[in-house]
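Undergrad: Structure in structure tokens, see below.
The values are calculated or read from the model by the stated rules, or taken from the named source; none is laboratory data. Small disclaimer: the values here were computed from a predicted structure and weren't measured. Note that we place each Cβ from the backbone using ideal geometry, even for glycine, and neighbour counts take in every protein chain shown. Only protein heavy atoms, including side chains, enter the accessible area calculation; ligands, DNA and RNA are left aside. Shrake-Rupley method; radii C 1.70, N 1.55, O 1.52, S 1.80 Å.
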Amino acid sequence: MFVRFLAFLALVTAAASFNVPVASFEIRKAISRTALKMETDDAGDANLEKETPGSSSSSSSSSSSSSTHNLLSDCPHFSTCSGCTLADPATSKILHTSRSFFERTFPDVTYTHTQPTPSKSWRNQAKLATSPLSKFKPGVQLGLYASGTHTLVPIPDCSVHSPEINSAATSIQKATIKAGVTSYVKPDQSNRVNKSGKNGPPPTGHLRYVQLNTFPSSPPTLSFVWNSENYKSTQPHLSRLLKLLSPTYPNSSIWLNLNTSTRNNIINNDGWVHLKGPFYTTYPLLSGGNLYYNPKVFCQGNMEGFMEIISRIINLSNHGILKNRIEKVVELYAGVGCIGLNLVNEGVTGDYVGSDVNPENLECFMKGRKTVKKEYQRCEYKSLGAGGSLDKGLGRGRDTLIVDPPRMGLEEGVLREINGRRGEGKLGDVRNLIYVSCGLDGLMRDLEGIKKGGGGWEVRLAEGYVLFPGSEHVETLVVLTRD
């Protein structure tokens with residue numbers, strides 16, 4: 001313990017000597033990992049190592065997340081902010097629900113869970129709403145709405161945000177005052193017809209939301225959701241804002257999202273405009289190479305934690321979990337290829353095809369593919385939905401299927417093909433099924449359907465990952481095989 005403490009002090013000292021943002025980000029991650037390791041060891045029975053089938057440990061992160069240094073109740077915004085509802089991630093009700101489901105539905109499987117990152121400073125992406133800073137002067141404040149309301153709660157010192165997010169939010173707020181930017185305001189009843197038969201007053205103001213992304217290998221990405229129909233109507237306020245931010249973020253990727261909808265959707269998918277800086281930002285693959293992102297594509301809110309899930313998938317064969325070797329992989333709901341490109345780069349498979357319905361993912365994937373090891377660059381990607389991918393034959397001749405669906409779970413047609421008999425249908429050759437879930441309800445429904453189906457599947461592994469400490473949410477990795 002004393003040796004680890006000296007190592008921790010050395011990291012702190014090293015961090016103090018760096019002034020470069022990227023370097024300090026990496027050092028801070030190392031410091032937080034060291035601190036979490038020290039908390040875990042002090043707790044005695046905590047264990048952040050992944051468990052193999054048959055392990056008796058069922059709460060690998062409970063004691064570490066109970067450490068007083070790992071609680072979120074000391075966040076100055078905890079009592080008012082809607083973003084976090086759990087002071088101690090170990091008290092999560094959803095983890096109890098998940099465990100109960102697997103004990104009841106698959107009693108031969110030992111369900112475990114882990115928290116792969118500390119409870120604080122894990123969030124690398126944030127979408128912050130706006131409200132007027134003053135009734136009489138321009139300027140906006142950023143934060144989250146109080147639960148069930150449109151009353152904004154400023155969160156300048158949010159404990160789960162990366163420090164870069166908090167810093168960027170503060171800089172933007174200050175710049176809006178000087179730039180004369182006002183907050184979007186939606187009058188009561190503005191989207192309803194009044195007694196005279198006419199619509200109520202339209203929404204007013206400029207800035208609706210700000211989306212911030214921070215990766216260790218890139219400057220922050222700043223995205224401004226603006227109450228305008230076109231770029232011209234954002235002027236001169238947007239240009240003033242960017243000019244004020246330029247000295248602080250000279251190399252950042254900066255985007256505009258045009259959104260005049262009176263609905264509550266944060267982003268207009270057809271309203272993106274790239275303003276300045278790099279078109280893509282990168283996140284490192286596990287062993288060299290990069291993933292490519294921009295605001296048009298989905299990005300995990302805790303990339304560091306999600307990489308731990310991918311590491312687990314890569315090492316499945318080493319722990320005897322898979323009965324069958326991974327050779328030819330098809331991945332549905334693949335996003336930019338976060339899972340697939342890592343598997344290819346690690347040599348887990350040399351024959352990969354991924355797909356996703358968002359056409360913006362394709363270019364991100366292709367750029368990422370160029371950075372993987374040359375001998376493994378033979379991989380493909382199709383801009384197709386999950387069902388359409390199977391209709392086009394992407395699952396034929398593949399021994400491994402990876403799915404990472406939205407919270408609602410698998411499409412009905414995909415589940416039906418998974419339940420097809422071995423050797424029959426569009427997924428008849430598949431013997432390994434790797435399911436990464438971000439929605440427990442959808443996962444439970446799908447697994448119950450697979451159990452009742454005739455596909456001959458056996459659950460070999462079920463692990464929960466607390467990627468978003470403070471919230472009632474769990475990501476789940478389930479591995480199934482069949483003869």
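Undergrad: Which net charge results when you count Lys and Arg as +1 and Asp and Glu as -1 among the other residues whose beta-carbon is under 15 Å from that of Tyr209?
TA: Once all neighbours under 15 Å are counted, the net charge is +4.
Undergrad: Once you sort the root eigenvalues of the Cα gyration tensor of the stretch 277-415 as a ≥ b ≥ c, which label holds: rounded (a/c under 1.5), prolate (a/b larger than b/c) or oblate (the other case)?
TA: Here the stretch 277-415 falls in the rounded category.
Undergrad: Also, I was wondering about something else. Given a 1.4 Å probe, how much area per residue of the stretch 90-245 is accessible, in Å²?
TA: Values: 7490 Å² over 156 residues.
Per residue, the stretch 90-245 has 48 Å² of solvent-accessible surface.
Undergrad: Probe radius 1.4 Å, ligands and nucleic acids ignored: give me the carbon and sulfur share of the accessible area of the stretch 225-380 as a rounded percent.
TA: The C+S portion of the solvent-accessible surface of the stretch 225-380 is 46 percent.
Undergrad: Another question, if that's okay. Return the carbon/sulfur percentage of the accessible area of the stretch 75-144, one whole number, probe 1.4 Å, all protein chains in place.
TA: Solvent-exposed carbon and sulfur of the stretch 75-144 make up 54 percent of the total.
Undergrad: Hey, another quick one. So what are the three principal axis dimensions of the stretch 377-483 from its Cα atoms, in whole Å, longest to shortest?
TA: 43, 33, 25
Undergrad: Quick one: length gained pulling Ser233 to Ile266 fully straight, 0.36 nm per residue minus the C-alpha distance?
TA: Stretched out fully, the Ser233 to Ile266 stretch lengthens by 9.9 nm.
Undergrad: Using a 1.4 angstrom probe, figure out how much accessible area the stretch 309-384 has per residue, in square angstrom, rounded to the nearest whole.
TA: For the stretch 309-384, the solvent-accessible area averages 41 Å² per residue.
Undergrad: Also, quick follow-up: Just to check I understand the Karplus step: with θ = phi - 60° and J = 6.51 cos²θ - 1.76 cosθ + 1.60, what whole-Hz values come out for the stretch 125-135, glycine and proline as x?
TA: Going residue by residue, I get 9, 9, 10, 10, 7, 10, 8, x, 6, 8, 6 Hz, with x marking Gly and Pro.
Undergrad: Tell me, what is the FRET efficiency for Ser287 and Thr204 to the nearest 0.05, using R0 = 45 angstrom and their Cβ-Cβ distance as r? Walk me through the intermediate numbers first.
TA: Details: r = 51 Å, r/R0 = 1.13.
FRET efficiency, Ser287 to Thr204: 0.30.
Undergrad: With each pseudo-label sitting 7 Å past Cα toward Cβ, what's the Arg240-Val273 distance in nm, one decimal?
TA: 1.7
Undergrad: If we count every other residue with Cβ under 14 angstrom of Tyr280's Cβ, Lys/Arg +1 and Asp/Glu -1, where does the sum land?
TA: +3
Undergrad: So which trypsin sites (Lys or Arg not before Pro) in the stretch 99-135 pass both tests, a DSSP loop state and at most 12 other Cβ atoms within 10 Å of the Cβ?
TA: Filter output for the stretch 99-135: Lys135.
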